[in-house]
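Comments concern the structure below.
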Amino acid sequence: MSWQSYVDTNLVGSGKISKAAILGKQGGVWATSAGYNLSAEEQKAIIGAFDNLDGVRASGLHLAGVKFFTTKADERSIYGKKGGDGYVIVPTKQAILVAEYTAPYQAPEAVGVAEPLADYLIGVGY
C-alpha cells in the first residue's frame with residue numbers, strides 16, 4: 001500500500017478524519033489529503049513537537065494556517081482543539097501522522113483511527 005493510500009483509505013476514508021498528512025521525521029511530506037497544505041514552518045514545528053512537549057503545551061500548533069490549542073501532549077500523541085474541531089498527531093519510528101477532525105466528531109473517535117494506524121506502521125518498521 002502506498003503512503004497516499006494510508007491517508008485516503010485509513011485516515012480520511014474512515015469518515016472520522018477530515019484532513020490528514022504523513023510527514024517524514026527527517027522532513028518532507030510523504031502523503032496528504034487533497035488541499036491540505038502544511039507550510040514548511042508548520043511541518044518543522046510538528047516534527048519538533050515531540051522534542052519540546054512543554055512548548056507545544058504552552059503555545060499550541062498551527063496546521064494549514066489555523067492555530068490550535070494543545071489539550072494533551074506526551075510521547076505517544078499530541079491533541080489540539082479549536083472550537084469543535086481538532087487534531088491528533090502520532091509519531092511512528094520514521095513518520096508522523098497528522099489527522100484533523102471536524103465536529104460532530106471528537107478526539108476519541110479520531111484517536112481510534114490515528115493511533116491504531118501508527119501502531120501498525122510501528123509494527124512493520126515505519
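Brief remarks follow.
- Accessible area, probe 1.4 Å, largest first, for residues Leu11, Leu38: Leu38, Leu11
- Note on the chain: helix-only mean residue ellipticity at 222 nm, from DSSP H runs of 4+ residues weighted -39500 (n - 2.57) and normalised by residue number, equals -8000 deg cm²/dmol.
- For Thr9, the solvent-accessible surface computed with a 1.4 Å probe is close to 80 Å², ligands and nucleic acids excluded.
- In the context of the full set of protein chains, residues of the chain present 48 Å² of accessible surface per residue (probe radius 1.4 Å, heavy atoms only).
- Cα centroid of the range 85-126 to Cα centroid of the range 10-66, whole Å: 11 Å
- Sorting Ile47, Ile89 by solvent-accessible area of protein heavy atoms yields Ile47, Ile89, largest first, with a 1.4 Å probe.
- Using the Karplus relation 6.51 cos²θ - 1.76 cosθ + 1.60 with θ = phi - 60°, the per-residue 3J(HN,Hα) values for the range 15-22 come to x, 9, 10, 8, 9, 8, 8, 10 Hz, with x marking Gly and Pro.
- Over 21 Å (Cα to Cα) - which of Lys16/Lys44; Lys25/Lys82; Lys25/Lys81; Lys19/Lys81 fall in this group: Lys16/Lys44; Lys25/Lys82; Lys25/Lys81
- Across the range 4-11, computed HN-Hα scalar couplings (Karplus, 6.51 cos²θ - 1.76 cosθ + 1.60, θ = phi - 60°) run 4, 5, 4, 5, 5, 8, 7, 8 Hz from first to last residue, x flagging Gly and Pro.
- In the range 33-105, the GluC sites (Glu not before Pro) that fall in loop regions by DSSP, at most 13 other Cβ within 10 Å: Glu75
- For Ala95, the residues 5 or more places off, or on other chains, whose built amide H falls under 5 Å of its own are Lys25.
The values are calculated or read from the model by the stated rules, or taken from the named source; none is laboratory data. This is a predicted model, so every value here is computed, not measured. Note: ideal-geometry Cβ built from the backbone for every residue, glycine included; neighbour counts use all protein chains shown. Ligands, DNA and RNA are stripped out before the accessible areas are found, and what is left, the full protein with its side chains, is counted by its heavy atoms. Shrake-Rupley method; radii C 1.70, N 1.55, O 1.52, S 1.80 Å.
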